Amino acid sequence: MKTRFDYSELPVSRWRNGGGETREIVSFPPGEAQFGWRASIATIDADGPFSPFPDIDRVITLLHGDSVLLSSEQGQQRLLPHQPWAFPGEWAIDAQISGSCQDFNIMTRRDSWQARVEVVLQTAVSHHGVAWVLAGEWQTANGETLAVNQGMWWLDENTQLAPVSAEASLLFVTLSRVL
């Protein structure tokens, strides 16, 4: 299973607290109340708390915008563009922003999935995953191209993405089942 997506076509959900919105890429398995893993892009428009997600591991990557400072009992983390940061979904986190920002989120149910998120500049491959083009153009092994604000997710299918342009940069998520 392989699915392309474009940012402009992702469904938008406004947050209950009014502080932003989420564009869901996929919640897997589709249509299930309890996800095994979920990928989304969020726009944060105001300071405020993150929703708690017990038993979920999260990885957040700042895509665009000014600085984001995340604070919890465990300490503080300043999000920097294109630098993934992982944390447990149980942590009570407050976000302080300077202007609007956008981030990429991967959430995995701890007992069933794990995610490794990295920014790659060269060919990448995985059996399950999600990819989001940060810069340039990328191409699949069968010649399909992806550009900025486009991506792809796949399951149970080795998928390779290779840079087409010199400035190409890709947010690449490798998903693996917990055995």
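The values are calculated or read from the model by the stated rules, or taken from the named source; none is laboratory data. Remember, predicted model here, so these are calculated numbers, not experimental data. With ideal geometry, Cβ positions are generated from the backbone for all residues, glycine too; neighbour counts draw on all protein chains shown. Only protein heavy atoms, including side chains, enter the accessible area calculation; ligands, DNA and RNA are left aside. Shrake-Rupley method; radii C 1.70, N 1.55, O 1.52, S 1.80 Å.
Each part gets one Cα centre, and for region 75-106 versus region 132-179 those centres are 23 Å apart. Summarising the label geometry, the points placed 7 Å from Cα in the beta-carbon direction at D94 and S112 lie 3.4 nm from one another.
Average accessible surface for the chain: 49 Å² per residue, computed with a 1.4 Å probe over protein heavy atoms with every protein chain in place. In order along region 165-174, phi translates into HN-Hα couplings of 10, 4, 8, 4, 9, 9, 7, 10, 10, 9 Hz, rounded to whole numbers, per the Karplus curve 6.51 cos²θ - 1.76 cosθ + 1.60 with θ = phi - 60° and x for Gly and Pro. On the chain, 48 percent of the accessible area sits on carbon and sulfur atoms, based on a 1.4 Å probe. Close amide-amide hydrogen proximity is noted between N149 and V133, each under 5 Å apart and 5 or more residues distant or on a separate chain (H modeled in the peptide plane; Pro and chain starts excluded). Amide H contacts of V164 (H built 1.01 Å from N, in plane; Pro and chain starts excluded): E137, W138, Q139 sit under 5 Å, all sequence-distant by 5 or more or on other chains.
Extending 7 Å from Cα along the Cβ direction at R177 and again at A86 yields two label points whose distance is 2.0 nm. Rolling a 1.4 Å probe across all protein chains gives M152 an accessible area of roughly 0 Å². Computed over region 16-155, relative contact order equals 24 percent, with contacts defined as Cα pairs under 8 Å that lie 6+ residues apart.
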